[in-house]
């Protein structure tokens, strides 16, 4: 179903809600939202010993469900904290100032997330869309755009595309042509959705009539379009639009998004063993054996009836299995692309941009890419703040390999093009390069054209007593919801086993 008048009716709303690359238009006006949280597991009469590898959202969800069903659960986590790529940073920033170095926002369509958020009594806060001017810097031209304004975009656009602006282009060339099945993730391997895996986001937009300039504008303003020629059209359709952007509201958790994994971890208590790195996995036929190295350097061995691995694919690819994984599954773990992400947080002595009636948000084609502000809740203009450079894609990998001083020397002059006063207010830098994190080896999964069809079922398939979960095993790639659903699904699969 298409709404011909939707763009005209909602264009002002698009611009007002368009923020930080999230494209916060609720497409529920275009598609129904059938996504539901998984049912609670039935209480088992055949309790099993289950090892879960990783205390990210997938591992926590699996443990939460299995523990409630009556199984004996142990989580092995290499880090000294829960959450994986959901991580709120508070140090080295002043008290009262924090930032998200991992997953950013929730959507009202995240029903599995909402199930746990409500169960744990966590408080939601609305996503902070900018109420002041947003800066765009493209092709050497700087634009300061107040809410409701639509400038002449410095790309070769048709008159209609220029009038539509970024979010109008997203609606015309992406949202409106999508099949209604895109909100049915279980139908991903059937027509018409499966056909979308054959093409990239770039090719999909070109088929709808988008100009190259329009695609560049979307690429530089939308996180999901960071690599438009290397992004599966199927992943885009189901994960970005069928799930996230079908929401009618978007939110964070009060106090930081890590409140969810921390609350889940607290509920599981001493069932989590931190600083325990998995080194080898073995299926004896009678039990699953996990060899580990602890934080003190000692080796330890764990045995269980079954194991659920939620270790990121790139990391898991480097761990030995006995018997060996099927060649195709091993290939899938090794070859599945990830979105490279390097996030550089420039602390300032005060949120100086607010006094210039600027929101602090910016979108650029410079190495700094997207810029996001963080401020304190009390008197933000006079208290310390943060301007974050959120770099995604090929350039992010190169940035992540720089030493902090080298990165500052490279990015601060670029930041100065956007905020000329930043150097006199800059007081420190914190960098999170996910590609350099040994327990992640990159950002979230980001299948290229053909990869969902080729790899997803292999990634989901159990290997003897070993089961697998994590956002990379879900059609809802790169989302907290995909991670949580995958963990709950793996828990159900084991709970249903009779042996």
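The values are calculated or read from the model by the stated rules, or taken from the named source; none is laboratory data. Because the structure is a prediction, the values reported are computed rather than measured. FYI the Cβ positions are ideal-geometry reconstructions off the backbone, even for glycines, and counts take in every protein chain you see.
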With respect to the numbered conditions (1) more than 24 Å from the chain's Cα centre (by Cα); (2) surrounded by fewer than 23 Cβ atoms within 10 Å (Cβ to Cβ); (3) in a helix (DSSP H, G or I), which one is the sole condition not fulfilled by residue 202? (1)
Which of the residues that make up the range 316-327 are assigned to a loop (DSSP other than H, G, I, E, B), under 23 Å from residue 489 (Cβ atoms) and in contact with a helix residue (DSSP H, G or I) (Cβ under 8 Å, 6 or more places away or on another chain)? 317, 325, 326
Can you say whether residue 117 is within 30 Å of residue 46 (Cα to Cα) and in a helix (DSSP H, G or I), as far as the supplied structure shows? yes
Tally time: how many residues in the range 32-62 are at pLDDT 95 or above and under 21 Å from the mean Cα position of the chain (by Cα)? 10
Does the range 65-76 contain any residue that is at pLDDT below 95, over 15 Å from residue 256 (Cα atoms) and part of a loop (DSSP other than H, G, I, E, B)? no
Give the residue that is surrounded by the most Cβ atoms within 10 Å (Cβ to Cβ), with candidates limited to residues of the range 128-164 that are in contact with a strand residue (DSSP E or B) (Cβ under 9 Å, 6 or more places away or on another chain) and over 30 Å from residue 377 (Cβ atoms). 153
On the given criteria, is residue 423 touching a residue at least 12 places away in the same chain (Cβ under 8 Å) and not assigned by TED's automatic domain parsing to the domain that holds residue 295? no
Unique residue being assigned to a helix (DSSP H, G or I), in contact (Cβ under 8 Å) with a residue 24 or more places away in the chain and farther than 18 Å from residue 480 by Cα when the list is 173, 137: 173
Which numbered condition residue 21 misses (of (1) at pLDDT 95 or above; (2) farther than 24 Å from residue 187 by Cα): (1)
Looking at 243, 253 in this structure, which one is outside the structural domain of residue 72 (by TED's automatic domain parsing) and at pLDDT below 95? 243
Run down 450, 428 and say which single residue is more than 18 Å from the chain's Cα centre (by Cα), within 14 Å of residue 337 (Cα to Cα) and surrounded by fewer than 19 Cβ atoms within 10 Å (Cβ to Cβ). 450
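Here is a yes/no grid of residues against (1) in the same structural domain as residue 410 (by TED's automatic domain parsing); (2) part of a helix (DSSP H, G or I); (3) under 19 Å from the mean Cα position of the chain (by Cα):
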| residue | (1), (2), (3) |
| --- | --- |
| 314 | no, yes, yes |
| 329 | no, yes, no |
| 350 | yes, no, no |
| 359 | yes, no, no |
| 362 | yes, no, no |
| 373 | yes, no, yes |
Assess whether residue 350 counts as being without any contact (Cβ under 8 Å) to a residue 24 or more places away in the chain and either surrounded by fewer than 17 Cβ atoms within 10 Å (Cβ to Cβ) or more than 28 Å from residue 83 (Cα to Cα) (or both). no
